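*Asks:* The structure is given below, and queries will be raised subsequently.
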Amino acid sequence: MTMAVVENPVVVMKRYELKYKISREQEEFFRERVKGHMEIDKFGKSSIASLYYDTPEYRLISRSIEKPEFKEKMRLRSYGIATDDSPVFLELKRKAYGIVYKRRVQSTIPLVKKFFDGEGDICGGGQINHEITYFRDLYGNLAPACLIIYDRTAFFEPDGDLRLTIDNNPRYRTKDLDLRVSMDGISLLPEGYSILEIKVQQAMPLWLTAILDEAKIYKCSFSKVGEAFRAQMKKSYYGGI
């Protein structure tokens, strides 16, 4: 697997994100049928880790799993195992009435740690910096709460805005909450299942709808960090580790 490096240090995104849980057979069928419509991006299959921040009372994740019309998260993402010098991406992700808005800045782990310790800005001013800093100050006491890891293949539509991702082996951990440690975790899905995400700014094309119908792939509600939180609560309830 390759390590992806994103060159643009500041990214703003607005789109719809539709999720589907698919079996190995459905994934193979889907990959074959989208050929000619979509291309795999230059990074191929990449291991991605997202470190989610929350309050000591888990205010953010608790609200998220209630499925409100508006919810927000903050996470630190790396492509492959991070180092102190490698780029990581601090993301503020909001979802309002089905539309996903994302603010993202490039940084390093030491600088992000300083930021959460209250020492200055994250990207030298501007609207994105203001939004991320306001979020940090609004909730206060934000700290790493859960690490989500998966192996992603991303597809893009040449000359279009359609994006697809297939996340194999989504997993999590609530210990060793450091992007520099490993890509190990506890599985979130039964063996052989993956998460397909379709990311569009407008309506889904008819050819893609036809493929989903043919493969009997149906939309579902699936939050990786939400599932991890539920799994951890179940372990705690039954006296697990």
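*Asks:* Taking just the alpha-carbon atoms of the chain, what radius of gyration and Dmax come out, in angstrom?
*Replies:* Cα radius of gyration and Dmax of the chain are 17.9, 53 Å respectively.
*Asks:* In nm, to one decimal, how far is the Ile65 label point from the Ile186 one, both placed 7 Å along Cα→Cβ?
*Replies:* Output for this residue pair reads 1.2 nm.
*Asks:* Among the chymotrypsin sites (Phe, Trp or Tyr not before Pro) within the range 167-241, which fall in a DSSP loop and have no more than 14 other Cβ atoms within 10 Å of their own Cβ?
*Replies:* Tyr218, Tyr238
*Asks:* Please identify the GluC sites (Glu not before Pro) of the range 156-232 that satisfy two criteria: DSSP loop assignment and at most 10 other Cβ atoms within 10 Å. Which are they?
*Replies:* Passing sites in the range 156-232 are Glu191.
*Asks:* Report the extension gain between Thr108 and Asp178 in nm, rounded to one decimal, defined as 0.36 nm multiplied by the number of residues separating them, less their alpha carbon distance.
*Replies:* My answer for the length gained is 23.9 nm.
*Asks:* From the residues Ile61, Phe43, Met13, which one has its Cα farthest along the dipole of the chain in the positive direction, the dipole being from +1 and -1 charges on Cβ of Lys/Arg and Asp/Glu about the Cα centre?
*Replies:* Towards the positive end, the residue furthest out is Ile61.
*Asks:* Which links in Lys199/Lys224; Lys95/Lys224; Lys42/Lys224 stretch past 19 Å when you go from one Cα to the other?
*Replies:* Over 19 Å Cα-Cα: Lys42/Lys224.
*Asks:* Treating only the Cβ of Lys, Arg, Asp and Glu as charged (+1, +1, -1, -1), what charge dipole size does the range 10-237 show about its Cα centre? Round to the nearest 20 debye.
*Replies:* Dipole of the range 10-237, to the nearest 20 debye: 480 debye.
*Asks:* When only C-alpha pairs under 8 Å and at least 6 residues apart count, what is the relative contact order of the range 108-192, in percent?
*Replies:* Reported as a whole number, the value is 21 percent.
*Asks:* I need the chymotrypsin sites (Phe, Trp or Tyr not before Pro) found in the range 32-123, filtered to DSSP loop residues with at most 12 other beta carbons within 10 Å of theirs.
*Replies:* Here the sparse-neighbourhood loop sites are Tyr97.
*Asks:* Any chance you could run the full-extension gain for His130 through Arg230? It's 0.36 nm times the residue separation minus the Cα-Cα distance, nm to one decimal.
*Replies:* Gain on extension, His130 to Arg230, equals 32.8 nm.
*Asks:* Putting +1 on Lys and Arg Cβ atoms and -1 on Asp and Glu Cβ atoms, find which of Asn129, Tyr101, Gly140 reaches farthest to the positive end of the dipole of the range 90-152.
*Replies:* Final value for the positive-end residue is Tyr101.
*Asks:* Could you state the number of Å between the C-alpha centres of the range 127-146 and the range 164-221?
*Replies:* If you average the Cα positions of each part, the centres end up 26 Å apart.
*Asks:* For n ≥ 4 DSSP H runs only, could you compute -39500 (n - 2.57) per run for the chain, divide by its residues and tell me the 222 nm figure to the nearest 500?
*Replies:* Mean residue ellipticity, 222 nm, calculated: -7500 deg cm²/dmol.
*Asks:* Would you kindly derive the ³J(HN,Hα) couplings of the range 49-61 from the backbone phi angles with the Karplus curve 6.51 cos²θ - 1.76 cosθ + 1.60 (θ = phi - 60°), listing them in order in whole Hz, with x for Gly and Pro?
*Replies:* Here the 3J(HN,Hα) series is 10, 10, 9, 8, 9, 7, 7, x, 8, 6, 4, 5, 6 Hz.
*Asks:* Holding the Cα-Cα limit at 24 Å, pick out from Lys14/Lys219; Lys73/Lys216; Lys21/Lys73 the pairs that are longer than that.
*Replies:* Lys73/Lys216
*Asks:* May I ask you to compute the full-extension gain from Val100 to Thr83, defined as 0.36 nm times their residue separation minus their alpha-carbon distance, rounded to one decimal in nm?
*Replies:* Working it through step by step, the gained length comes to 3.2 nm.
*Asks:* Turning to a different aspect of this structure: At a Förster radius of 22 Å, what calculated FRET efficiency corresponds to the Cβ-Cβ distance of Asp137 and Glu57, to the nearest 0.05?
*Replies:* Working from the Cβ atoms, E equals 0.80.
*Asks:* Quick one: if you stick a label point 7 Å off each Cα along the C-beta vector at Ser23 and Glu39, how many nm between them?
*Replies:* In this crude label model, Ser23 to Glu39 measures out at 3.3 nm.
*Asks:* Spin-label point model (7 Å from Cα, Cβ direction): what's the Cys220 to Glu72 distance in nm?
*Replies:* Result for the modelled spin labels: 3.0 nm.
Values in this text are rule-based calculations from the coordinates and carry no lab data. A quick note: this is a predicted structure, and the numbers were derived from the prediction, not measured. FYI the Cβ positions are ideal-geometry reconstructions off the backbone, even for glycines, and counts take in every protein chain you see.
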